[in-house]
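Engineer: Sending over a structure as structure tokens; questions will come in a sec.
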Amino acid sequence: MSTAVLELRHLSKTFRGRGMAPVRAVIDVSLEVAAGECVALVGESGSGKSTLARLALRLIEPDAGEVILRGQSLMRMRGGTLRRARRGIQPIFQDPAASFNPRRTVRSLLSQAIEGAGRERAGEAEMAALLAAVMLKPAAEYLDRYPHELSGGQRQRLAIARALAPRPAVIIADEPLSGADVSIRAQLLNLLIDMQARSGVGYLLITHDMHVARAFSHRIAVMYRGRIAERGPTGSVLAAPLHPYTRQLLAVVHSLDRLPRDATAKPVRSAAGTGCGFHPRCPLASETCRKLEPMLRELGPGHSAACHHAASKEGGGDPIQSQPQLIPGINAC
Ligand SMILES: Nc1ncnc2c1ncn2[C@@H]1O[C@H](COP(=O)(O)OP(=O)(O)OP(=O)(O)O)[C@@H](O)[C@H]1O
Ligand SMILES: [Mg+2]
């Protein structure tokens, strides 16, 4: 893999509010995304995935840590410089309706995204090509519509077109497909893979769907209660998970297909005790786990886990870099 286009270094975020106990949503998280790479971020509900995405996009300020895009720290930028740099990192959210200005037409939304990126006036042909790429064609049928005049799936495709318009280095996609119809999910995935092959864009993909993570990502990062529990090449993590939490997740996923929205997952309070955050649910928990927070350690090639009991892989497992594949039977457009 080439060098990182996005580096998240030691990011932490605690939410505080009147009348509520502080919630440590993200705790000392470091993660990198290389050009042309897709990193899938998985973990149960409330583990801090969206907060990490919002920190990376600088929609919220971290308490500590840095976001580095193409070698430049976004933390030290302000005003116009920050706005320009941020065009290199584009979001796709689960609910695109919330991020569209309802008074702008498709034409206006796309031209704003293209011209905002400092390029010349958006031509009809470029907008039509973007719409065709996301299967909204013929363009004439869509350009003068408002977002509410599109279906949910069409709005999702428009969100992808808009994210791609400024030709970003990185796209942060927070469950981008969960609002889409099952029938077009594979098409959208293929589209994203295809776009990556053509443009070399890096993806940080938040997903509850392990099939998506398996098919689409080069690496997987597993979050648990605000921290990275495990990260590594997709093939290694799925074939030989190192952290007991990842093993539990995969066991459930094999029967349910999707990550559970665990009702027992509680937000991490600042007053939380010491030790490993997973120890109350861990079958391997020992005295050390109750007392000492485990650090993320590299135990196989590019494969790390934060567990006192995870053993080094002695040439075992298959540390292959899995290659995302187009989903069979569906043509990327
Ligand atoms: N603005 C906020 N104020 C207070 N607490 C917040 C805020 N945003 C998120 N949290 C809390 O931070 C924790 C992490 O939330 P986050 O949305 O990042 O989880 P997630 O992993 O994206 O979950 P899901 O899979 O359900 O989307 C949760 O306990 C959540 O309640
Ligand atoms: Mg979320």
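Engineer: Any idea which of Leu143, Leu82, Leu110, Leu136 is in a helix (DSSP H, G or I) and surrounded by 14 or more Cβ atoms within 10 Å (Cβ to Cβ)? So that I can check it myself, show each step before the final result.
Structural biologist: Numbers: Leu143 fails: in a helix (DSSP H, G or I); Leu82 fails: surrounded by 14 or more Cβ atoms within 10 Å (Cβ to Cβ); Leu136 fails: in a helix (DSSP H, G or I).
Answer to the check: Leu110.
Engineer: Can you give me the number of residues within region 177-203 that are within 16 Å of ligand 2 (Cβ to nearest atom) and out of contact with any helix residue (DSSP H, G or I) (no Cβ under 7 Å at 6 or more places or on another chain)?
Structural biologist: 1
Engineer: Next up: Being more than 13 Å from ligand 2 (Cβ to nearest atom), in the same structural domain as Pro22 (by TED's automatic domain parsing) and not hydroxyl-bearing (Ser, Thr, Tyr) narrows it down to one residue among Leu82, Leu52; which is it? Break it down stepwise before answering.
Structural biologist: Details: Leu52 fails: more than 13 Å from ligand 2 (Cβ to nearest atom).
None of the others qualify; the one that does is Leu82.
Engineer: Somewhere in region 81-90, is a residue within 16 Å of ligand 1 (Cβ to nearest atom), within 25 Å of Val29 (Cα to Cα) and of a type in the set (Val, Ile, Thr)?
Structural biologist: Looking through region 81-90, none of the residues is within 16 Å of ligand 1 (Cβ to nearest atom), within 25 Å of Val29 (Cα to Cα) and of a type in the set (Val, Ile, Thr).
Engineer: Sticking with this structure for a sec: Out of region 33-53, which residues are under 12 Å from Leu8 (Cα atoms) and within 11 Å of ligand 1 (Cβ to nearest atom)?
Structural biologist: Within region 33-53, Leu52, Ala53 qualify.
Engineer: Criterion first (surrounded by fewer than 21 Cβ atoms within 10 Å (Cβ to Cβ), in contact with a strand residue (DSSP E or B) (Cβ under 9 Å, 6 or more places away or on another chain) and of a type in the set (Ser, Thr, Tyr)) does Ser99 satisfy it?
Structural biologist: Working: surrounded by fewer than 21 Cβ atoms within 10 Å (Cβ to Cβ): yes; in contact with a strand residue (DSSP E or B) (Cβ under 9 Å, 6 or more places away or on another chain): yes; of a type in the set (Ser, Thr, Tyr): yes.
Yes.
Engineer: Right, another one. Filter region 40-50 down to the residues that are touching a Lys or Arg at 6+ places or on another chain (Cβ under 6 Å) and surrounded by fewer than 24 Cβ atoms within 10 Å (Cβ to Cβ) and list them by number.
Structural biologist: Ser45
Rundown of residues vs (1) within 12 Å of ligand 1 (Cβ to nearest atom); (2) touching an Asp or Glu at 6+ places or on another chain (Cβ under 8 Å), yes/no style:
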residue	(1), (2)
Gly17	yes, no
Pro22	yes, no
Asn101	no, no
Thr105	no, yes
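The values are calculated or read from the model by the stated rules, or taken from the named source; none is laboratory data. Since the structure is predicted, the reported quantities are computational estimates derived from the model, not experimental observations. Reconstructed Cβ throughout: ideal geometry from the backbone, glycine too, with neighbour counts over all protein chains shown.
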